[in-house]
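These notes are about the structure you will find just below.
The values are calculated or read from the model by the stated rules, or taken from the named source; none is laboratory data. These figures come from a predicted structure and were not determined experimentally. Reconstructed Cβ throughout: ideal geometry from the backbone, glycine too, with neighbour counts over all protein chains shown.
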Amino acid sequence: MPQNLPSFEFSDRAKQVRSFLYDHWCEHGHGPNLRAVHEATGLDRRRIVETYKELERGLIVVFDDTSANANLLKVQPFSSYPSQVEVHVDDRFHSFAGCAMEATAISRMPPFEGKELRLESYCACCLEPLTVVMTNGDLVTSSAPNVRIHVDLSPWNWGNPNIEPMCDSMNYMIDADHGAAYEGRTGRLGARCTIDQARAFVAGTADNRMWDHDWAPGQMNPRMIVRFVASLGVDVTPWGS
Ligand SMILES: [Zn+2]
């Protein structure tokens, strides 16, 4: 995925498909296949694939464009495959989150308003279970009071070749010491965010996703991202200079 693309506007078709993808995933806990998108929008195969490409440029989806069925891998903040974070709603498994970071934004999506979302995850170093409960974007409780989100892929490499490696690099740690232990085991230095810093990081998305039909495309601009994360008080030196 190219970085630093010029800004653009989503087409009406992209906005329509995006709305359907969010509605479908929130209702069912998984994404739709081509047939379901066709039935909901009337678009044919070629138009759906073109639209997915447009949405991918604006950081809304990740799909396998080598597959005959345009398989959806992610519709952020959700993942089609088992990720490091399970989302539980009403005490039942709902879906896999895209990553530890964007999991903190899911409870802000309109269908989950007022509901308690339990994020069931684990410390990436020792695989001990770790639970974070959120409502309306706010932290309610965490089984690890000093939980950190460890981000060991530098934003300078985000989007290469898509956002999957970025999401994969964002993991919960029981605390900063477990973060250091993870680094010792994997050789991957990372920035460490608190839940509050993560909430601030995802706020721009959480405030708009599903709330604003015309929400503008996201931009993969490493310089801007590093500056923004540093402004939240996160030590970004592990990401390099
Ligand atoms: Zn650990």
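Looking across segment 176-194, just one residue is hydrophobic (A, V, I, L, M, F, W, C) and farther than 19 Å from Ala144 by Cα, and that is Leu189. Of the residues in segment 158-181, none is free of Cβ contacts under 8 Å to residues at least 60 places away in the same chain and among the aromatic types (Phe, Trp, Tyr). Against the criterion of being in the same structural domain as Met210 (by TED's automatic domain parsing) and touching a strand residue (DSSP E or B) at 6+ places or on another chain (Cβ under 7 Å), Val87 qualifies. Give the residues of segment 192-216 that are touching a Ser or Thr at 6+ places or on another chain (Cβ under 7 Å) and in a loop (DSSP other than H, G, I, E, B), sorted by residue number. Selection gives His213 alone. For segment 1-51, filtered to residues that are among the aromatic types (Phe, Trp, Tyr) and under 17 Å from the mean Cα position of the chain (by Cα), the residue that is nearest to Ser79 (Cα to Cα) is Trp25.
In segment 50-107, the residue that is surrounded by the fewest Cβ atoms within 10 Å (Cβ to Cβ) out of those that are touching a residue at least 60 places away in the same chain (Cβ under 8 Å) and part of a strand (DSSP E or B) is Phe93. Residue count for segment 117-150, restricted to those that are away from the ligand (no atom under 16 Å from the Cβ) and touching a strand residue (DSSP E or B) at 6+ places or on another chain (Cβ under 9 Å): 9.
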